[in-house]
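Asker: Before anything else, here's the structure in question.
Read the figures in this text as sums done on the coordinates, not as results from a lab. Given the structure is predicted, the values throughout are model-derived calculations rather than measurements. FYI the Cβ positions are ideal-geometry reconstructions off the backbone, even for glycines, and counts take in every protein chain you see.
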Amino acid sequence: MTPISKKDSLPLSMHLSQWELRFITGNISKRPWHACCGHVRADYNEKMTDVNIATQMLIGAYQDQYDVAVLVSGDSDLVPPIRHIHDQFPAKRVVVAFPPKRHNQSVRLVAKGSMTIGRKTIIDSQFADTVPSKIGYSLRKPEIWA
């Protein structure tokens, strides 16, 4: 898997900024992976994404920035912050949307609602290759996304 660069994701972020959405990301580290046969390939590993998500969800809850948070993840590391938000703020809801093949029972059990995002939904939700921006110029989908 080759990660999308921040430069390539900028057009999408600019287009989506017209809605009240926030994307919380981490960092991708690249390191060599050595197979027992001697083959070496790049291995990518995300770092701090779950910590950044948990931190922003907690800050948002304490600052009353949302009533419902939709978390797109199946990472069980997010169970403690979800549980804390529901314990401290009973009126707030964290709803989990699991990406394809990322369903997690422990996350589902602490969420106040869950759904699975199917591959067809993702395919049907793609933006056009060119999307107009709020300020009048066209944003183009990076070729790597095709």
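Asker: Suppose we filter the stretch 84-116 for residues that are in contact with an Asp or Glu (Cβ under 8 Å, 6 or more places away or on another chain), surrounded by 14 or more Cβ atoms within 10 Å (Cβ to Cβ) and not charged (D, E, K, R); how many remain?
Answerer: Matching residues across the stretch 84-116 total 2.
Asker: Please go through the stretch 61-74 and give me each residue that is small (Gly, Ala, Ser) and under 16 Å from the mean Cα position of the chain (by Cα), ordered by number.
Answerer: Ala69, Ser73, Gly74
Asker: So, in the stretch 87-122, exactly how many residues are touching a Lys or Arg at 6+ places or on another chain (Cβ under 8 Å) and either among the aliphatic types (A, V, I, L, M) or part of a helix (DSSP H, G or I) (or both)?
Answerer: Here the count works out to 4.
Asker: Take the stretch 45-86 and flag every residue that is assigned to a helix (DSSP H, G or I) and among the hydrophobic types (A, V, I, L, M, F, W, C).
Answerer: Those that are assigned to a helix (DSSP H, G or I) and among the hydrophobic types (A, V, I, L, M, F, W, C): Val51, Ile53, Ala54, Met57, Leu58, Ile59, Ala61, Leu78, Val79, Ile82, Ile85.
Asker: Looking only at the stretch 98-113, decide whether some residue is of a type in the set (Phe, Trp, Tyr) and in contact (Cβ under 8 Å) with a residue 60 or more places away in the chain.
Answerer: No, the stretch 98-113 contains no residue that is of a type in the set (Phe, Trp, Tyr) and in contact (Cβ under 8 Å) with a residue 60 or more places away in the chain.
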